[in-house]
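The values are calculated or read from the model by the stated rules, or taken from the named source; none is laboratory data. Please read these numbers as outputs of a predicted model, since none were measured by experiment. All Cβ positions, glycine included, derive from the backbone under ideal geometry; neighbour counts span all protein chains shown.
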Amino acid sequence: MTGSERPNVFAGPYVDRLDPPRRDPAAVARALAGPAARIVPVWRSRNLLVGGTGPAACLLPWDEQLLAVVDPAELILLGTFRDQVVFAAELAGESPPALRAQAEFVDLRLTGGALEHDEAGVLAYARAMVSWRRRHRYCGSCGTPTRAEQAGHVMACADERCGAQWFPRLDPAVIVLVTDGERALLGRQPSWPEGRYSTLAGFVEPGESLEDAVRREVLEETGVRTGRARYHSSQPWPFPSSLMLGFVAEAATREIRLGDDELEDARWFTRGEIASGAVSLPTPHSVSFRLISDWYDTGATRPLAEEPGVRLWTLRR
């Protein structure tokens, strides 16, 4: 599997999300009481990982230890994963609870690319659902507290006169690699470390198609006009609730005129400049890096990831 056929990190059909079974409270209760029940704990938006030869997801049995720190009503059914029924649970407290030896809560952005692909996906799913639920404790229509329904996938207003229901939402963002064939247009934000450049990006606005968002964002940020925009792939990005939609756009003009103050700099880079380490590229588990590397690989003798001089930007704790 090559190119855009490969699933991005955090993506992939690894979890059976059990809809409609999650609509049946009795079935959910039986699943939680069964021997296959496992909990995906989240503390302060961090996932529990265990070390060893490499980081691995730490899924815990539903036992007395977890009952002491988790209200069963707060659990969110994720679905079946590796023949287990998995639930997400947000843990409170100023410091993380000690749930397992040699395990720690880690920001998924730091380690997502090092995890098994299916584990990264289920942890991202848990993080996204916990974040959404935390932000919908109160009804957005009337301010009344909400209650969880459908195993945590619906937050319903407790005031029957209102009756509003709130469902998980995503914030779509276009991630765009603009090329003129031999060069790629990359930009950098003022807050980034020196030398870091990436693809262009922006959120899709109401009443706007994805293709329109691609053209608008590139024009607003760099002054470059684009022609055909080709969809590449997408990536869940639960930090907290984005869906990254990767595109490759053909440049219709080449002059750069920075416009909306989001970028400190934007430049055209050749494949040679990118491979030489002239720029620090996005984290390798991001769709931004996939866009750059797939474009690079079509015109190079070896993959970008194997170039000895390439520099990759990594998050730090």
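Descriptive notes on the structure:
- Against the numbered list (1) of a type in the set (Ser, Thr, Tyr); (2) farther than 22 Å from Phe239 by Cα; (3) loosely packed, with under 14 Cβ neighbours inside 10 Å, Thr179 comes up short only at (3).
- Scan of segment 209-232 for residues that are of a type in the set (Asp, Glu) and surrounded by 15 or more Cβ atoms within 10 Å (Cβ to Cβ), ordered by number: Glu211, Glu217, Glu220, Glu221
- Total residues in segment 215-257, condition out of contact with any Leu (no Cβ under 9 Å at 6 or more places or on another chain) and either under 30 Å from Leu110 (Cα atoms) or free of Cβ contacts under 8 Å to residues at least 60 places away in the same chain (or both): 13
- Residues satisfying the stated conditions in segment 174-224, i.e. assigned to a strand (DSSP E or B) and charged (D, E, K, R): Arg183, Arg188, Arg196
- Count - residues of segment 128-173 that are part of a strand (DSSP E or B) and under 23 Å from the mean Cα position of the chain (by Cα): 6
- If you check Gly112, Gly51 for being at pLDDT below 95, surrounded by 22 or more Cβ atoms within 10 Å (Cβ to Cβ) and either more than 18 Å from Met155 (Cβ to Cβ) or not aliphatic (A, V, I, L, M) (or both), only one passes: Gly112.
- Residue within segment 215-228 that is in contact with a Phe, Trp or Tyr (Cβ under 8 Å, 6 or more places away or on another chain) and either under 19 Å from Leu291 (Cβ atoms) or of a type in the set (S, T, N, Q) (or both) present: no
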